[in-house]
1. Using +1 at the C-beta of Lys and Arg and -1 at the C-beta of Asp and Glu, which of 72, 62, 96 has the Cα lying farthest in the positive direction of the dipole of the chain?
2. Treating the beta-carbon of each Lys and Arg as +1 and of each Asp and Glu as -1, no other charges, what is the dipole magnitude of the range 8-101 about its Cα centre, to the nearest 20 debye?
3. For the range 28-71, what is Rg from Cα atoms divided by 2.2 N^0.38 Å, rounded to two decimals?
4. In degrees between 0 and 90, to the nearest 10, how far off the longest principal axis of the chain does helix 20-30 point, with axes built from Cα atoms?
5. What angle, in degrees between 0 and 90 and rounded to the nearest 10, separates the Cα long axis of helix 83-101 from the longest principal axis of the Cα atoms of the chain?
6. Would you please give the FRET efficiency between residue 81 and residue 38, computed as 1/(1 + (r/R0)^6) with r the Cβ-Cβ distance and R0 = 22 Å, to the nearest 0.05?
7. Restricting to Cα atoms and excluding each atom paired with itself, what does the Kirkwood estimate give for the chain in Å?
8. Starting from the Cα-Cα distance between residue 7 and residue 67, subtract it from 0.36 nm times their residue separation and give me the gain in nm to one decimal.
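Readers should treat all values here as calculations from the given coordinates under stated rules, not as data from a laboratory. Not measured: the values here are computed from a predicted model. Please note: Cβ atoms are built from the backbone with ideal geometry, for glycine as well, and neighbour counts cover all protein chains shown.
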Amino acid sequence: MKGTNSQFVFNISETLATRIVDFTSYFIKSSNLKLLSKSVLSEYNGYIIEAEDNEGNMQKTVIMTHNNSNIIIFSINSPKQEWELNSELFDLLFSSLIINQT
């Protein structure tokens, strides 16, 4: 995200929406992350994951589906000292993407 010391990632996976639970489990196990929280997106089929990597950076990842097609992944990586602000910016960006889809 411009103006921040963070990295924003957007990806549409070729994995089918019906595999979201398996995909999310694989993502958590294979990422070498210290899981801090995992919550369910109630309005959408998906999860929000917050974690810390081996270098002490923070990560928030949204794994979800839209119209039961493929899995969509939004993620932000940020230094700990900037996490509170960058996490809020990420949440606002994610909310605006959802609003624009409805």
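1. Working it through, the farthest residue towards the positive pole turns out to be 72.
2. Using only the charged Cβ atoms, the result is roughly 280 debye.
3. Working it through for the range 28-71, the quotient is 1.27.
4. 30
5. Computed tilt is about 30 degrees.
6. Once rounded, the FRET efficiency stands at 0.40.
7. Values: mean 1/r = 0.0714 Å⁻¹.
Computed over Cα pairs of the chain, the Kirkwood hydrodynamic radius comes out at 14.0 Å.
8. Details: separation 60, 0.36 × 60 = 21.60 nm, distance 2.70 nm.
Roughly 18.9 nm would be gained on extension.
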